[in-house]
């Protein structure tokens with residue numbers, strides 16, 4: 001292994017300690033953990049036993065709702081191909097009596113207001129043949145909240161998204177996933193049904209150290225909500241893709257959309273949210289994206305920290321042991337804290353347009369000072385100089401304007417306004433005017449500037 005990827009011995013021991021503690025204190029029959037850094041798996045360990053042997057990075061576990069991230073990638077591919085828009089109603093493409101009025105973005109972000117679970121018996125432990133058609137998924141009251149009002153997690157909502165993929169591709173959603181995502185990423189151990197070596201699912205008695213086998217059923221129409229099986233090694237490959245993008249599958253810009261919060265932080269600690277098919281979490285000051293997953297007998301976690309270039313996976317085979325996703329998050333934080341990311345070397349820009357260079361430096365929104373800096377590929381970065389204010393990055397457009405990428409100005413247009421002689425007069429960002437002086441004289445500032453000047 002290259003020295004640039006090798007983890008330090010103290011880091012590896014800390015990771016092993018966290019995994020071993022999670023397996024022992026969580027009373028999980030087996031637990032596998034793995035870490036991905038800078039595009040490759042750099043650590044993996046297993047604890048406990050699967051068929052009499054210690055599990056490893058190639059041992060399959062059911063990954064539950066991590067499946068939803070895969071389905072979301074397929075939907076975003078359809079969007080990028082121009083086959084749908086995220087604001088389109090599902091009913092435009094899928095004939096369904098329930099959920100058809102929700103937008104695709106609402107289904108991806110669990111804001112469609114649909115019921116959390118199916119009608120009838122517990123879908124995770126009963127054969128999908130009980131719900132052969134989309135109309136059989138929901139119970140008597142499918143719509144629990146008005147669409148778009150709040151985040152309400154819905155497993156059936158992702159069954160509808162799987163049906164959307166099938167409708168637009170003309171074949172089973174898993175076959176589409178295998179061809180368009182799994183094969184390009186080299187994920188040949190991610191499957192719809194288990195392939196040996198794989199763990200068996202168990203329930204652990206709450207008051208005694210004894211086990212009960214859990215059924216592993218084919219959930220049919222509900223499969224896009226949580227059917228997949230995978231390995232720690234495969235999920236590290238998937239994490240590398242989610243972090244950096246892959247033009248064969250989905251570009252970095254679309255993946256950035258997926259991890260952008262669509263709903264406000266959830267829960268009393270305000271430490272979590274949801275994007276487009278991705279769970280979001282703030283842990284130890286770090287923004288993590290990924291997903292947790294549970295199915296009877298299994299629990300999994302996949303978390304990514306872009307700022308650190310680190311992702312981690314934890315896979316266990318016990319029902320509802322929700323400490324396992326926390327183990328994955330702690331593995332990320334352990335690497336980030338023991339081995340902070342070494343930044344790329346600073347390098348000067350190549351050829352620079354003098355007109356762009358002239359835009360850099362101090363600007364003032366009223367009396368508030370900002371700095372405008374020029375980055376690679378003509379990107380502009382606006383930063384408040386007093387430590388508080390609306391910072392943003394701006395991406396250049398073909399028409400000579402820039403579009404905000406984040407913060408308050410995300411999606412807003414930055415225009416360089418010139419006077420009759422062609423000289424730069426001011427910057428306009430969504431009607432906000434920035435001048436070279438605090439409330440610079442002239443007619444640029446809406447409402448005018450007092451002719452008496454500063455006093």
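Of all the residues in the stretch 15-67, those that are over 26 Å from the mean Cα position of the chain (by Cα), under 22 Å from residue 322 (Cβ atoms) and touching a residue at least 40 places away in the same chain (Cβ under 8 Å) number 9. The set of residues in the stretch 399-455 being crowded, with 16+ Cβ neighbours inside 10 Å, in the same structural domain as residue 366 (by TED's automatic domain parsing) and part of a loop (DSSP other than H, G, I, E, B) consists of 405, 412.
Do we find that residue 361 is in contact with a helix residue (DSSP H, G or I) (Cβ under 9 Å, 6 or more places away or on another chain) and either surrounded by fewer than 24 Cβ atoms within 10 Å (Cβ to Cβ) or under 29 Å from residue 200 (Cα atoms) (or both) in this structure? In short, no.
Screening the candidates 371, 336, 410 for the property of being at pLDDT 90 or above, touching a strand residue (DSSP E or B) at 6+ places or on another chain (Cβ under 8 Å) and within 25 Å of residue 287 (Cα to Cα) yields one hit, 336. One residue stands out in the stretch 387-398 among those that are assigned to a strand (DSSP E or B) and in contact with a helix residue (DSSP H, G or I) (Cβ under 7 Å, 6 or more places away or on another chain): the one that is surrounded by the most Cβ atoms within 10 Å (Cβ to Cβ), namely 392.
Exactly one residue out of 124, 98, 166 is part of a loop (DSSP other than H, G, I, E, B), crowded, with 16+ Cβ neighbours inside 10 Å and assigned by TED's automatic domain parsing to the domain that holds residue 258: that is 98. Hey, does the stretch 200-212 have a residue that's touching a residue at least 24 places away in the same chain (Cβ under 8 Å) and within 20 Å of the chain's Cα centre (by Cα)? No, there is no match, as no residue in the stretch 200-212 is touching a residue at least 24 places away in the same chain (Cβ under 8 Å) and within 20 Å of the chain's Cα centre (by Cα).
Say we look at the stretch 231-263 and pick out the residues that are part of a helix (DSSP H, G or I) and farther than 25 Å from residue 107 by Cβ; which of these is modelled with the lowest pLDDT? Once the filter is applied, the top-ranked residue is 244. Restrict the check to the stretch 200-218 and report whether at least one residue is within 30 Å of residue 81 (Cα to Cα) and in a loop (DSSP other than H, G, I, E, B). No - not one qualifying residue is present in the stretch 200-218.
Which one is modelled with the lowest pLDDT among residues in the stretch 101-121 that are surrounded by fewer than 15 Cβ atoms within 10 Å (Cβ to Cβ) and over 28 Å from the mean Cα position of the chain (by Cα)?
Filtering the stretch 101-121 for residues surrounded by fewer than 15 Cβ atoms within 10 Å (Cβ to Cβ) gives 101, 116, 120-121.
Subsequent filtering for residues that are over 28 Å from the mean Cα position of the chain (by Cα) retains 120-121.
Values: 120: 81, 121: 88.
For the stretch 101-121, the residue satisfying everything is 120.
Within the set of pairs 6+ apart or on separate chains, which have a first residue in the stretch 413-430 that is closer than 14 Å to residue 442 by Cβ, a second that is outside any strand (DSSP E or B) and at pLDDT below 95, and C-beta atoms under 7 Å apart? These pairs meet every condition: 425/419; 425/444; 426/444.
Would it be correct to say that residue 373 is under 22 Å from the mean Cα position of the chain (by Cα), free of Cβ contacts under 8 Å to residues at least 24 places away in the same chain and within 30 Å of residue 424 (Cα to Cα)? Taking the combined requirement at face value, the residue does not satisfy it.
The values are calculated or read from the model by the stated rules, or taken from the named source; none is laboratory data. As the structure is a prediction and not an experimental result, all values here were calculated from the model. Cβ coordinates were reconstructed from backbone atoms using ideal geometry, including for glycine residues, and neighbour counts include every protein chain displayed.
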